[in-house]
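Data first, discussion second: the structure below is written as C-alpha cells.
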C-alpha cells in the first residue's frame, strides 16, 4: 500500500515536470509596456525586436509621452521616441533587448536604462550600412553611467579598445 502511494506521487511529479517543460516559452516571457506615439514607425520596429528576443509587449499609444517619462523618472537629456516599462524599470528609446535582459538579471538599484536620441543601426533604427556608435545609459535620480556601448547591433568591448 505504502509503495503504491509513493509510486502515484512520483508519477504525478513526473507528469507535472513534463507539463512545465512543455509549456510554451511565451508563458515564461516578461511583459514590457511600450508607450509610443501613434505615428512612429521605428517604435513598432523596436517592438518587433523585443518580441523576437522573448518579450511579450503591451503597446499604449499616446500623443504626449512627457507625463509618462516624468512618472517613470526619465531625465529630459536621456529621452528618445518611446518609453517602456518592465518590472519597475524605465526603458527609454532603442535599447537592445540583450541589455534589458541583463538589467532584469542583474537588478541594479537604478531607475532604468536609455539609448538617448535615435542612433542609426540601433534596434528599430536600421538604415542599411549606416551604424552609429551609441551608449546604453543606466540612470537613477542621483546619477547616470554608461551601461554598454554599441555600434549598430554589435556590442563594443571598450576594455579591449584601450
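Every number here is computed from the coordinates shown, using simple stated rules; none is lab data. Because the structure is a prediction, the values reported are computed rather than measured. Here the Cβ is made from the backbone with ideal geometry for all residues, glycine too, and neighbour counts use every protein chain on show.
Odds and ends about this structure:
- Among 153, 143, a tally of other beta-carbon atoms within 10 Å of each Cβ gives an order, fewest to most, of 143, 153.
- Exposure proxy order (Cβ contacts within 10 Å, fewest to most) of 113, 59: 59, 113
- Separation in nanometres of the label points that stand 7 Å from Cα toward Cβ, at residue 143 and residue 77: 1.5
- The overall shape of region 31-161, judged from the alpha-carbon gyration tensor, is rounded, with an a/c ratio under 1.5.
- Among 46, 39, a tally of other beta-carbon atoms within 10 Å of each Cβ gives an order, fewest to most, of 39, 46.
- Region 31-161: antiparallel DSSP beta bridges as a percent of all, rounded to 5: 70
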